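**Student:** One structure is given below, represented as C-alpha cells, and several questions about it will come after.
The values are calculated or read from the model by the stated rules, or taken from the named source; none is laboratory data. Note that the coordinates shown come from a computational prediction; the quantities given were computed from them, not determined experimentally. Glycine also receives a Cβ, built like all others from the backbone with ideal geometry; neighbour counts cover every protein chain displayed. Note: areas computed on protein heavy atoms with side chains; ligands, DNA, RNA excluded. Shrake-Rupley method; radii C 1.70, N 1.55, O 1.52, S 1.80 Å.
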Amino acid sequence: MQHDYDPENIFAKILRGEIPNNTVLETEHALAFRDIRPQAPVHILVIPKGPYATLDHFCTAASDAEIAGFWRAVGQVCEGAGVEQGFRLIANAREHGLQEVPHFHVHVLAGRSLGPILSAG
Ligand code: AMP
C-alpha cells in the first residue's frame with residue numbers, strides 16, 4: 001500500500017515548533033502533548049517524530065529504533081499521573097477511522113470510566 005504524508009499537517013507543524021503545544025514528554029523519537037479538545041480528564045496524544053501518516057504506515061516503514069522509542073514513550077505516558085485506575089489507547093486511521101490529523105498518533109484517555117469501546121452508528 002502507498003502511504004502519502006502531508007508535511008503541512010498540524011502535528012508536523014508542532015514538531016517543527018511552528019505552533020505551540022502542551023508537552024507532557026519529549027524523547028528522541030516521540031512527543032507527547034495534551035489534546036486541545038480533551039474527551040476525558042486525561043487526554044494525551046503521543047506522536048512519532050518521523051513522517052508517518054497512520055499506524056500501519058509507521059509500523060511497516062519506521063526503523064526498529066523509531067518503533068521501540070515511540071512505544072517506550074507511550075509506556076511512560078501510560079505510567080504517568082492520572083492513569084493509575086486505567087486508560088484507553090485509540091489510534092484512528094484514514095476515512096473510516098475518522099482520522100482528523102494525518103500524522104500517526106495514539107490517544108491516551110484516562111481519569112474516568114470510559115464506557116463501551118464503541119458507540120452505536
Ligand atoms: P484524530 O481524529 O485521531 O486524528 O484526532 C486528532 C486529535 O488532535 C483531536 O482529538 C484534536 O482535538 C487534536 N488536535 C488537533 N489540533 C491540535 C493541536 N494543535 N494541539 C493539540 N491537539 C490537537
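**Student:** Using 0.36 nm times the number of residues separating Arg88 and Ser63, minus their current alpha carbon distance, what extension gain do you get?
**Tutor:** Stretched out fully, the Arg88 to Ser63 stretch lengthens by 6.4 nm.
**Student:** Could you check the simple spin-label distance between Arg112 and Leu25, using points 7 Å along Cα→Cβ, in nm with one decimal?
**Tutor:** 2.4 nm
**Student:** What ³J(HN,Hα) values, in whole Hz, does the Karplus curve 6.51 cos²θ - 1.76 cosθ + 1.60 give for the stretch 5-15 when θ = phi - 60°, with x put for Gly and Pro?
**Tutor:** Rounded to whole hertz, the list is 10, 9, x, 9, 5, 5, 6, 4, 5, 4, 5.
**Student:** Can you work out the Karplus-derived ³J(HN,Hα) for every residue in the stretch 90-95? Use 6.51 cos²θ - 1.76 cosθ + 1.60 with θ = phi - 60°, whole Hz, and x for glycine or proline.
**Tutor:** Couplings: 10, 10, 8, 9, 6, 4 Hz.
**Student:** Go ahead and estimate [θ] at 222 nm for the chain from helices alone: -39,500 (n - 2.57) per DSSP H run with n ≥ 4, summed, over the residue count, rounded to 500.
**Tutor:** -6500 deg cm²/dmol
**Student:** Taking the Cα centre of the chain as origin, sum charge times position over the Cβ atoms of Lys and Arg (+1) and Asp and Glu (-1), and report the length of that vector in debye to the nearest 20.
**Tutor:** Roughly 360 debye for the chain.
**Student:** Separate question: Along the stretch 109-117, what does the Karplus equation 6.51 cos²θ - 1.76 cosθ + 1.60 (θ = phi - 60°) give for ³J(HN,Hα), rounded to whole Hz, x for Gly and Pro?
**Tutor:** Whole-Hz 3J(HN,Hα) from phi for the stretch 109-117: 10, 6, x, 7, 5, 9, x, x, 5.
**Student:** Under 5 Å between amide H atoms, partner at least 5 residues away or on a different chain: which partners does Val24 have, H built in plane at 1.01 Å?
**Tutor:** Ala32, Phe33, Arg34
**Student:** Expressed as a rounded percentage, what relative contact order does the chain have, with Cα pairs under 8 Å and six or more residues apart?
**Tutor:** 30 percent
**Student:** With every protein chain kept in place and ligands, DNA and RNA left out, what is the accessible area per residue of the chain? Probe 1.4 Å, answer in Å².
**Tutor:** Accessible surface, normalised per residue, equals 61 Å².
**Student:** I've got another one for you. Which is farthest toward the positive dipole end of the chain among Gly17, Ala32, Thr60, measuring Cα position about the Cα centre, with Cβ charges +1 (Lys, Arg) and -1 (Asp, Glu)?
**Tutor:** Among Gly17, Ala32, Thr60, the one farthest towards the positive end of the dipole of the chain is Ala32.
**Student:** Could I ask something else about it? Ignoring ligands, DNA and RNA, what percent of the 1.4 Å accessible area of the chain is carbon and sulfur?
**Tutor:** Solvent-exposed carbon and sulfur of the chain make up 53 percent of the total.
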